[in-house]
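Please read the structure below before turning to the comments.
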Amino acid sequence: MSQPTIESILHENRTFPPPVEFSQNARIKNLDEYGHFYDKAKADPQGFWAELAETELEWFQKWDQVLDWQPPYAKWFVNGKINISHNCLDRHLTTWRKNKAAIIWEGEPGDSRTLTYAQLHREVCQMANVFKQLGVQKGDRVGIYMPMIPEAAIAMLACARIGAAHSVIFGGFSAEALRTRLGDAQAKLVVTADGGFRKDKVVPLKAAVDEALAHNGVESVNNVLVVQRTKEKVHMEPGRDHWWHDLQAGVSADCPPEPMDSEDLLFILYTSGTTGKPKGVVHTTGGYNLYTHITTKWTFDLQDTDVYWCTADVGWITGHSYIVYGPLSNGATTVMYEGVPRPSNLGCFWDVVEKYGVTIFYTAPTAIRAFIKMGEHHPNRRNLSSLRLLGTVGEPINPEAWMWYHKVIGGERCPIVDTWWQTETGGFMLTPLPGATPTKPGSATFPFPGILADVVDLDGNPVPANEGGYLVIKHPWPSMMRTVYGDDARFRRTYWEHIAPKDGQYFYFAGDGARRDQDGYFWVMGRVDDVISVSGHRLGTMEIESALVSHPAVAEAAVVGKPDEVKGEDVVAFVTLEGEYDPNDSLAQELKDHVVKEIGAIARPGDIHFTDAMPKTRSGKIMRRLLRNLAAGQEVAGDTSTLEDRSVLDKLRGGA
Ligand code: PRX
């Protein structure tokens with residue numbers, strides 16, 4: 001159960017061909033068929049995407065140009081008019097899917113709800129009309145800070161319907177994190193709930209919104225729409241706060257979808273980077289609709305009888321693309337679950353699989369490692385025979401966890417799709433197609449058709465097989481991020497300048513190292529920047545450092561990741577204090593709580609080490625590599641000759 005190291009992955013050479021019966025019934029049945037699509041897309045990307053856009057989606061008006069590529073800015077389906085909520089809802093109502101379950105929702109306390117496509121459409125239209133009543137117009141931004149309840153998806157679709165952009169903020173983020181994100185997007189409305197249930201506790205979401213709005217920078221927010229979930233008492237600010245059920249009662253369910261330009265803003269989603277300030281990743285409408293639609297259909301080999309469940313939260317890109325938009329655009333049944341394994345029910349995921357006959361199950365390696373720890377008896381006690389396909393996302397999966405997933409959850413009959421992608425890519429970049437691709441545990445295998453992926457050196461030259469390099473994409477794709485909200489320069493600098501363009505070739509690089517093996521399989525090796533992955537969640541070390549330094553006791557902070565059996569990585573902070581403060585346990589606790597307050601519980605440092613000085617280079621740069629070694633309890637490896645003061649290292653060794 002150790003972390004995937006380059007070593008462990010290099011030694012992995014087992015291959016699992018798709019089960020014959022699976023392939024026979026699959027949409028894409030073998031590598032030749034995959035190769036056919038891949039080659040076709042490579043030879044004529046625009047023709048490939050245009051044909052799919054034509055056959056898979058409904059447009060109000062056709063585009064004049066498939067792709068306008070002014071590197072690094074792409075426009076897809078130029079002048080096409082479309083609405084993603086129409087493709088996710090209205091077009092299914094004229095078919096038998098009208099009465100098919102669109103969302104099956106299970107609440108943590110055991111309550112549940114099923115919304116058919118017709119019912120979901122109705123609720124979305126009502127919420128869209130309520131938004132309009134509250135003054136939201138096309139082009140405005142709406143913050144969504146919700147538990148995992150159907151209204152989270154309803155709010156997203158309602159925004160899309162009227163052409164407002166949503167910015168979903170994960171319900172685990174703190175009031176302060178919420179405030180900065182709402183402020184950056186200048187949101188006009190916030191949709192929230194009184195609270196949510198998480199791990200047998202109530203999360204007071206509305207109170208966090210109140211706190212966020214009490215501070216500066218969010219004056220743009222003039223209304224808050226509150227969904228009743230926990231029924232806990234909350235403060236309702238007269239004139240600003242409104243109960244959803246009150247407004248829903250009096251509103252029409254007739255709300256035609258706004259014809260949106262293909263390139264109109266669909267949503268902003270904040271993600272961590274290498275500086276303190278989170279980036280607002282911008283996604284637009286037409287290309288995102290197409291790409292999430294087709295990747296859901298092919299990668300999950302979606303059939304009309306499937307009951308599909310992705311365990312992510314809608315607050316992350318996985319929830320956007322593969323709980324809400326991709327599945328609904330395909331007319332699938334998507335399961336939403338409010339709970340997570342918790343002391344009162346460690347086996348709750350398997351209860352959900354059994355109860356609803358889930359056929360496709362998509363989760364994260366960190367969850368799988370936690371399941372292994374909880375014990376096989378939990379899944380073994382439930383009937384999981386409905387499952388036919390498994391998926392993973394979020395971090396490299398260690399081969400041991402892959403094998404456990406394959407045997408214990410998949411009963412050795414379900415293919416596993418290990419999907420590599422990012423908030424910025426909108427949809428899967430590297431992934432097996434389950435009926436076609438022989439899988440190797442720990443490899444995300446090959447690029448999706450239309451994706452030109454490569455592993456290159458800093459000059460953009462492909463590296464030889466089995467050598468590590470930078471994972472890049474060499475041709476624009478429909479769901480690529482368009483920019484960083486309000487900061488084009490940061491967009492160019494972060495993603496397009498790390499590897500300089502050459503001979504007109506641009507390289508999209510977003511931080512991962514990888515290698516390709518002798519068979520061409522891609523093996524993602526993890527981030528090469530100062531981003532760490534805690535339970536599959538991306539955290540910028542700078543972001544946590546900024547939070548620490550905002551505490552009066554802290555003079556300087558350096559944050560690194562330390563390998564953790566279940567979480568993948570844990571946060572470790574090295575801190576120097578202002579003169580008048582003494583290092584002690586209660587201050588360490590106070591600093592941990594401070595990070596939770598500034599960012600949220602996901603960023604809470606596991607360890608805080610107080611130190612008199614940081615190991616720095618002569619130019620003043622903190623040598624994180626050394627701190628990483630120390631945090632992991634390893635010998636300090638590699639060159640230390642650039643250290644400005646070598647005694648710092650000895651002191652840290654003694655103290656850390
Ligand atoms: O490092 C890669 C890792 O997660 C990062 C993207 O994080 P985020 O934008 O939060 O999106 C997570 C869900 C798509 C990537 O840069 N990552 C994601 N999927 C995989 C992965 N690493 C290895 N294998 C994967 N399948």
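Where a number appears in this text, it was derived from the coordinates with a stated rule and is not lab data. Nothing here was measured: the structure is a model prediction, and the numbers come from that model. Don't worry about glycine lacking a Cβ; one is built from the backbone with ideal geometry, like all the others, and counts go over all protein chains shown.
Structure summary
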| read-out | value |
| --- | --- |
| Evaluated over the stretch 314-368, the Cα radius of gyration and Dmax, each in Å | 12.1, 36 |
| Mean Cβ count within 10 Å, highest first, over the residues of peptides 538-544, 630-636, 337-343, 128-134 | 538-544, 128-134, 337-343, 630-636 |
| Set of aspartates and glutamates with alpha-carbon distance to K279 below 12 Å, sequence-local pairs under 8 removed | D184, E424, D487, D488, E543 |
| The stretch 93-143: C-alpha gyration tensor shape, a/c 1.5 cut-off, then a/b vs b/c | oblate |
| Cα-projected label distance for Q65 with D529, points at 7 Å along beta-carbon direction, nm | 2.9 |
| Residue order, fewest to most surrounding Cβ atoms within 10 angstrom, among K592, K100 | K100, K592 |
| Cβ-defined net charge surrounding T431, 12 Å radius [Lys, Arg +1; Asp, Glu -1] | -2 |
| Label-to-label distance, nm, for residues given as N383 and Q422 (7 Å Cα→Cβ offset) | 4.4 |
| Total formal charge among the other residues, if their Cβ is under 15 angstrom from that of Q70, Lys/Arg +1 and Asp/Glu -1 | 0 |
| F267, F173, F509, F37 arranged by Cβ crowding within 10 Å, fewest neighbours leading | F37, F509, F173, F267 |
| Full-extension gain in nm, A465 to Q133, via 0.36 nm per residue minus C-alpha separation | 113.7 nm |
| Cysteines (scope the chain) whose Cβ has no counterpart Cys Cβ under 4.7 Å | C88, C159, C310, C348, C414 |
| Derived scalar couplings ³J(HN,Hα) [the stretch 56-73; Karplus, 6.51 cos²θ - 1.76 cosθ + 1.60; whole Hz; x for Gly, Pro] | 9, 10, 9, 10, 7, 8, 6, 6, 9, 8, 6, 9, 10, 10, 10, x, x, 9 |
| R0 of 41 Å, Cβ-Cβ distance R240-R113: FRET efficiency to nearest 0.05 | 0.90 |
| Cα pair distances exceeding 17 angstrom across the stretch 526-611, given as percent | 40 |
| Fraction of antiparallel bridges per DSSP, the stretch 531-655 only, in percent to nearest 5 | 80 |
| Total formal charge among the other residues, if their Cβ is under 11 angstrom from that of V484, Lys/Arg +1 and Asp/Glu -1 | +2 |
| Residues of the stretch 354-369 with amide N under 16 Å of the 7 Å Cα→Cβ point at E21 | 359-360 |
| Assigned charges on the beta-carbon of Lys, Arg, Asp, Glu; the chain dipole about Cα centre (debye) | 940 |
| Debye log10 I(q)/I(0) for the stretch 397-453, one point scatterer per Cα, at q = 0.13, 0.16, 0.19, 0.31 Å⁻¹ | -0.34, -0.50, -0.68, -1.25 |
| Separation of the Q518 and R342 label points, Cα + 7 Å toward Cβ, nm | 5.1 |
| R0 of 56 Å, Cβ-Cβ distance Q228-E578: FRET efficiency to nearest 0.05 | 0.80 |
| Antiparallel DSSP beta bridges within the chain, as percent of all bridges there, nearest 5 | 60 |
| Among V549, L627, T642 - extreme Cα towards positive end, dipole of the stretch 531-655, charges at beta-carbon | T642 |
| Segment K355-K199, length gained on full extension (0.36 nm per residue, minus Cα span) | 54.2 nm |
| Compactness of the chain as Cα Rg over 2.2 N^0.38 Å, two decimals | 0.93 |
